[in-house]
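The values are calculated or read from the model by the stated rules, or taken from the named source; none is laboratory data. Predicted model, so just to flag it, every value in this text is computed and none were measured. A quick note on method: Cβ atoms are made from the backbone with ideal geometry, for glycine too, and the neighbour counts reach across all protein chains shown. Ligands, DNA and RNA are stripped out before the accessible areas are found, and what is left, the full protein with its side chains, is counted by its heavy atoms. Shrake-Rupley method; radii C 1.70, N 1.55, O 1.52, S 1.80 Å.
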Amino acid sequence: IYTMERDAFGIYSFARSSNGHAVDLGNGATFADYYMHVWSGPNLAVVTAENEFADIGGSVSDVATTIAGCLRPGGATPDLLDHLPADGRTDGSEVSFLGRLAFMNVARPAAQLFTGFEEGAAARYQSGEYIAVLRFRDETGVSRSLDEARQVCSESGGVAVESETGGVVEYEFGGHQIFAVGAENLITLRIHREEP
């Protein structure tokens, strides 16, 4: 059982299996193969069966249900997830993160370009792309991050081109196409890995 200073959705979003199925426990739970992740408020519980036996799923579920009843309630998914388009999104792929290191686990090239954000959210889409939203303290932080991204991209041999209609910048960097647009205190990224 892990206890976070803040809500545990972020660690839960990275730990849960993308091949699992949702279970009605705590604020959210995912069961896959022989383990279950349960998120409730500031807690993440991970229940794992160490070896194969009959009714492994029922046993893991029973233990997880008991543990879920002991966890602190009160969690909520971050409001930043509401900025991710629902159409075409792969269920259960949504992640929430606070730092650059976690963002690198989602989209390394984009995380190399865009820094200084306070929090982020991302999801995978059926098109194979990722969409990420980064929240900054203010519009100045957005402008600074966009400027630094252009500079890092250029210095690293990538290409950054602003659309003729304005607002959207396309980066070709690290084998990825990244489309970025800033609005108020948010940067929205559409990230597409180029085919080898």
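Among the residues of the range 71-94, those identified as open to solvent by less than 50 Å² (accessible area, probe 1.4 Å) and either out of contact with any strand residue (DSSP E or B) (no Cβ under 6 Å at 6 or more places or on another chain) or over 30 Å from SER127 (Cα atoms) (or both) are LEU71, GLY75, GLY92. Taken over the range 142-188, residues that are assigned to a strand (DSSP E or B) and of a type in the set (S, T, N, Q) amount to 2. The single condition from (1) touching a helix residue (DSSP H, G or I) at 6+ places or on another chain (Cβ under 7 Å); (2) under 25 Å from LEU101 (Cβ atoms) that ARG6 fails is (1).
In the range 111-148, which residues are in contact with a helix residue (DSSP H, G or I) (Cβ under 7 Å, 6 or more places away or on another chain), open to solvent by less than 20 Å² (accessible area, probe 1.4 Å) and more than 19 Å from TYR12 (Cα to Cα)? The answer is ALA111, LEU113, PHE114, PHE136.
One residue is enough: does the range 144-154 have a residue meeting the conditions in contact (Cβ under 8 Å) with a residue 40 or more places away in the chain, in contact with a Ser or Thr (Cβ under 7 Å, 6 or more places away or on another chain) and within 23 Å of GLY99 (Cβ to Cβ)? Yes, the range 144-154 contains at least one residue that is in contact (Cβ under 8 Å) with a residue 40 or more places away in the chain, in contact with a Ser or Thr (Cβ under 7 Å, 6 or more places away or on another chain) and within 23 Å of GLY99 (Cβ to Cβ). Only one of the numbered conditions (1) touching a strand residue (DSSP E or B) at 6+ places or on another chain (Cβ under 7 Å); (2) free of Cβ contacts under 8 Å to residues at least 24 places away in the same chain; (3) surrounded by 13 or more Cβ atoms within 10 Å (Cβ to Cβ) is violated by TYR35, and that is (2). Mind listing just one residue for me: the one in the range 95-110 that is free of Cβ contacts under 8 Å to residues at least 60 places away in the same chain and under 20 Å from GLU170 (Cα atoms) and, of those, surrounded by the most Cβ atoms within 10 Å (Cβ to Cβ)? Ranking the candidates gives PHE103 first.
Report yes if ALA68 is crowded, with 19+ Cβ neighbours inside 10 Å, out of contact with any Cys (no Cβ under 7 Å at 6 or more places or on another chain) and at pLDDT 90 or above, otherwise no. Break it down stepwise before answering.
Numbers: crowded, with 19+ Cβ neighbours inside 10 Å: yes; out of contact with any Cys (no Cβ under 7 Å at 6 or more places or on another chain): yes; at pLDDT 90 or above: yes.
So ALA68 passes the test.
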